[in-house]
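Engineer: First the structure, then my questions, so here it is.
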């Protein structure tokens with residue numbers, strides 16, 4: 001059963017998966033990722049749902065991974081267990097990308113780090129005009145993992161992907177639309193309605209043909225992704241052993257500018 005932070009609502013041929021932790025700006029925990037993965041896998045047994053909305057409650061889509069989790073606070077578990085647990089993000093992303101039904105992500109406010117990853121795992125992205133999107137991992141001294149890097153490159157190309165992932169900056173919705181990261185930008189007040197129109201359009205199409213086409217396009221565009229990115233969790237473990245990582249996390253909680261030394 002899903003946690004109270006991830007909700008699923010079905011209506012006819014449409015399902016909505018909602019991140020509902022607005023009091024923490026929808027910060028994502030391991031338990032939430034496990035729920036999202038399980039929900040995504042369950043759609044394979046769902047014959048009625050023909051299109052899925054991924055959305056969030058509150059002013060922001062999500063600020064990404066919850067930095068109060070043990071893995072950011074000196075996790076006492078063994079390296080063996082930590083390495084296994086770090087595969088969860090990639091497993092969740094794969095489950096989202098392998099959802100048979102077309103998926104549309106509705107984005108408002110901030111969507112950074114893991115939240116931007118979740119958005120790219122969907123087939124389409126509709127955003128509110130106030131949306132700001134980025135990958136902030138570099139600012140806490142770590143790499144982008146969850147096998148999300150190649151998906152970003154597929155969407156916007158290598159140079160722009162470097163801008164996003166290497167800088168850690170947030171980019172406005174208009175820029176993301178021009179770059180091809182977003183499929184449409186709409187006023188905040190119409191975001192949910194427009195996402196609904198997207199899923200209704202796909203839900204009205206022949207489901208067998210639509211789902212076969214989706215799977216074929218994903219296989220062609222991401223044929224080498226898993227082979228190339230199998231080490232991103234190990235890179236994360238290496239990065240978290242650095243002094244820069246400890247400095248970045250400490251500065252975040254102390255609300256000060258970090259001082260990086262390349263150590």
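Any read-out appearing in this document is the output of simple, stated calculations on the displayed coordinates, not a laboratory observation. What you see is a predicted model, and the numbers here were worked out from it, not measured in a lab. Positions of Cβ are backbone-derived with ideal geometry, glycine not excepted, and every protein chain shown enters the neighbour counts.
Engineer: Given the chain, what percent of its DSSP beta bridges are antiparallel, to the nearest 5?
Structural biologist: DSSP beta bridges in the chain are roughly 30 percent antiparallel.
Engineer: Here's another thing I want to ask about it. Starting from 0.36 nm per residue, how many nanometres of slack lie between residue 48 and residue 234 once their C-alpha separation is accounted for?
Structural biologist: Net length gain for the segment: 63.0 nm.
Engineer: Residues of segment 129-144 with amide nitrogen under 16 Å from the 7 Å Cα-to-Cβ point of residue 172?
Structural biologist: 129-134
Engineer: Something else now. Just to confirm the number: angle between the C-alpha axis of helix 243-254 and the first principal axis of the chain, 0 to 90 degrees, nearest 10?
Structural biologist: With both axes taken from Cα atoms, the answer is about 70 degrees.
Engineer: Using the Cα atoms of the chain, I'd like the radius of gyration and the largest Cα-Cα distance, Dmax, both in angstrom.
Structural biologist: When restricted to the Cα atoms of the chain, Rg and Dmax are 17.9, 56 Å.
Engineer: Another question, if that's okay. Using alpha-carbon pairs under 8 Å, 6+ residues apart, how would you state the relative contact order of the chain in percent?
Structural biologist: Computed over the chain, the figure is 18 percent.
Engineer: Hey, another quick one. Between helix 207-221 and the chain, what is the angle of the helix's C-alpha long axis to the longest principal axis, kept within 0 to 90° and rounded to the nearest 10?
Structural biologist: That works out to roughly 30 degrees.
Engineer: Looking only at segment 1-85, where both bridge partners belong to it, what percent of the DSSP beta bridges are antiparallel (to the nearest 5)?
Structural biologist: 45
Engineer: In whole angstrom, note down how far apart the Cα centers of segment 38-72 and segment 113-130 are.
Structural biologist: First find each Cα centre; the distance between them is then 11 Å.
Engineer: Here's another thing I want to ask about it. Relative to the longest principal axis of the C-alpha atoms of the chain, give the angle of the C-alpha long axis of helix 158-167, reported between 0 and 90° and rounded to the nearest 10°.
Structural biologist: The two axes meet at around 50 degrees.
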